[in-house]
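Worksheet for the structure shown next.
The values are calculated or read from the model by the stated rules, or taken from the named source; none is laboratory data. Please read these numbers as outputs of a predicted model, since none were measured by experiment. Heads up, the Cβs are rebuilt from the backbone with ideal geometry, glycines too, and the neighbour counts pull from every protein chain shown.
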Amino acid sequence: MKTETTIHGLTASLHAARQARKTIGFVPTMGNLHQGHLNLVREARKLCDVVVVSIFVNPIQFGPNEDYDSYPRTLDQDSQLLAEEGCDIIFAPSVEQMYGSQPRLTNISVGQITNDLCGAQRPGHFDGVAVVVTKLFNIVQPHFAFFGQKDYQQLAVIKTMVRDLNMPIEIIGVPIARAEDGLALSSRNGYLSAEHRQIAPVIYQSLKTAETNLKQGQALTEVLAEIKSTLSDAGFVVDYVEARNPMLQAVEQFDQDIVLFVAAKIGSTRLIDNLQISH
Ligand code: PAF
């Protein structure tokens, strides 16, 4: 396994694979890898000849009061995990390497589906994601790129951007990896105190209860209200609890496949989760 820190180095490392027409699979990450990321790498390994994983904490997707500075940077540990998964190349550029010293004048904004859910709480976040993912796609030029379904809205934004801009890449969504107690794996789980870690699985439990209740005929509005009150009673400050169809359009009732979305803070840690429910 190689680690490249420059665009030039990565391009040189991929040259032979491109000449030999090998399929390139790409897993973009911000590092501090957990089983969720490693599942993406395993999927890439199954489908592609060459697997590239980027590790880059992207400053432009963090708001001014968010955790850019404190976001965990664990390159040595990540490298070891990726070597064990059979990753071929890590691309770990600096901010300077990715953004240079000239002001960036180009933005990428995916309309409508970025206006609500996490987009409402984190203005500019999805533009920052769209820009860095486009830059990484242009640098790596993969055939396939792998994203976790935990960031469902992000996955929808990337799929929409790739479709709208005719990017020649197939986007693969990979199911959420969960701890044994149901908590969706996230690098931000590391911020949780022992007490909050005990409470955090209530998010998934409330989503599963909601699924059961919906399937038994309870009204969607009631089910959403119950998730909110369960979370508040457990000590969360709820950002949103919403239902959408799989394309992220609003739904009034459970008369089609839906996705339930939760974002909630426990202490100072903001957690997100979602559950796809078929009708
Ligand atoms: O999901 C993430 O880790 C990031 O948003 C991504 C896709 C690597 C872009 O920085």
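Details
- Under the condition of being touching a strand residue (DSSP E or B) at 6+ places or on another chain (Cβ under 9 Å) and among the hydroxyl-bearing types (S, T, Y), the residues counted in segment 79-107 number 1.
- Test: residue in segment 191-213 that is of a type in the set (D, E, K, R) and within 22 Å of the chain's Cα centre (by Cα): yes
- Among all positions in segment 62-77, there is no residue which is in contact with a Cys (Cβ under 8 Å, 6 or more places away or on another chain) and within 13 Å of the ligand (Cβ to nearest atom).
- Which numbered condition L248 fails, given (1) among the hydrophobic types (A, V, I, L, M, F, W, C); (2) closer than 30 Å to L136 by Cβ; (3) assigned to a helix (DSSP H, G or I): (3)
- Qualifying residue in segment 151-158 (condition: touching a Phe, Trp or Tyr at 6+ places or on another chain (Cβ under 9 Å), hydroxyl-bearing (S, T, Y) and modelled with pLDDT of 95 or more): yes
- For segment 166-182, a residue qualifies if it is more than 19 Å from P28 (Cα to Cα), assigned to a loop (DSSP other than H, G, I, E, B) and either under 12 Å from the mean Cα position of the chain (by Cα) or touching a residue at least 24 places away in the same chain (Cβ under 8 Å) (or both), and exactly one does: G182.
- Filter result (of a type in the set (D, E) and more than 13 Å from the ligand (Cβ to nearest atom)) within segment 147-166: D164
- Here I108 passes the criteria (1) within 13 Å of the ligand (Cβ to nearest atom); (2) without any contact (Cβ under 8 Å) to a residue 24 or more places away in the chain; (3) among the aliphatic types (A, V, I, L, M) except the one numbered (2).
- Here V140 does not qualify as in contact (Cβ under 8 Å) with a residue 60 or more places away in the chain, within 13 Å of the ligand (Cβ to nearest atom) and within 16 Å of the chain's Cα centre (by Cα).
- When Q121 is tested against (1) within 16 Å of the ligand (Cβ to nearest atom); (2) touching a helix residue (DSSP H, G or I) at 6+ places or on another chain (Cβ under 9 Å); (3) farther than 22 Å from F56 by Cβ, just one condition goes unmet, and that condition is (2).
- Qualifying residue in segment 186-203 (condition: in contact (Cβ under 8 Å) with a residue 12 or more places away in the chain, in contact with a helix residue (DSSP H, G or I) (Cβ under 8 Å, 6 or more places away or on another chain), farther than 30 Å from S109 by Cα and in a strand (DSSP E or B)): no
- Comparison of S193, S187 shows that the only residue that is within 16 Å of the ligand (Cβ to nearest atom) and farther than 26 Å from D49 by Cα is S187.
- Scanning segment 256-265 turns up no residue that is more than 20 Å from Q153 (Cβ to Cβ) and modelled with pLDDT of 95 or more.
- Which listed residue is within 16 Å of the ligand (Cβ to nearest atom), closer than 28 Å to E180 by Cα and free of Cβ contacts under 8 Å to residues at least 40 places away in the same chain, from V27, V57, V41, V95: V57
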